[in-house]
Amino acid sequence: MHSPSSPPDFMTATQPSGWVQSGDRWDLWWNGRCVANVVPHAVFGVRLFLDARKTSQTKVVAAVNAGQAKRYAERWCAARLCPQLRLRDAVARLVDTGTPSPPAPTREQRQQARRLAEAGSREMGRIKAALAPRRSEMLAKHEVPGRGGAWPIPGQAPSTRRPDGSAFPAKATPKVLPARSWPLR
C-alpha cells in the first residue's frame, strides 16, 4: 500500500537512459524515448535503426558488429539531438558517460597559454646556460692557434700559449693528460 503522500510506482520509476540491453537487442534511450536500436541480422551482421529525427522517418543502417553500430548511433543521434554542443559533449550527455569534456579555450586563454609557453622556454634557456658545466683550466685541451678549440693537427706544433694566456718557456711543450679508459666516479 502506498501512503497518500507518495506517488504511485509508475511515476517514481526511473526512465531508462543511455544504452539498455534486452536479449540480443540494444536500445539507446534519451529523454524518455528510444532513439536508436541495434539488432542482429542474418545477412548484414547487425542492423541499426535510427529514430532521432523530428520526422517520423526511421533511418536503417547495416553494420559489421554491435560496437560499430553503437558508436555510429551515438554520434548520429548526438549531432541531431544536441546540435548546440560539441560532438564529444553531446555524445557524453546522450549516453550518460559522466562529466563532459571541458569547454574549448577562448582566444584570450590561448594567447595567455602561448605567452606563458614562450616565457617558460626563455627561462629554461637561461637556467640551462647557468647550469652548464664550465671548462676547468686544468682539463682544457691545448689547441692549435686559430682552430677554435679543435684537436691539434698531427705533425704541427701545439699552441705556445698557456690557457691563462701566458707563454710557455722556450722549447717547452705543454703536457697532455693521458686519456682515461675507465669511467669517472
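The values are calculated or read from the model by the stated rules, or taken from the named source; none is laboratory data. This is a predicted model, so every value here is computed, not measured. Here the Cβ positions follow ideal geometry from the backbone for every residue, glycine too, while neighbour counts run over all protein chains shown.
Below are the figures for this structure:
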{"item": "Only listed residue being under 30 Å from P16 (Cα atoms) and either at pLDDT below 90 or outside any loop (DSSP other than H, G, I, E, B) (or both), chosen from A157, A113, A90", "result": "A90"}
{"item": "Single residue of R53, R75, R115, R93 found to be basic (K, R) and either out of contact with any helix residue (DSSP H, G or I) (no Cβ under 9 Å at 6 or more places or on another chain) or surrounded by fewer than 13 Cβ atoms within 10 Å (Cβ to Cβ) (or both)", "result": "R115"}
{"item": "The range 1-56, residues that are assigned to a loop (DSSP other than H, G, I, E, B), modelled with pLDDT of 75 or more and under 24 Å from A90 (Cβ atoms)", "result": "P16, S17, N31, G32, D51"}
{"item": "Test: residue in the range 76-89 that is in contact (Cβ under 8 Å) with a residue 24 or more places away in the chain and within 20 Å of D24 (Cα to Cα)", "result": "no"}
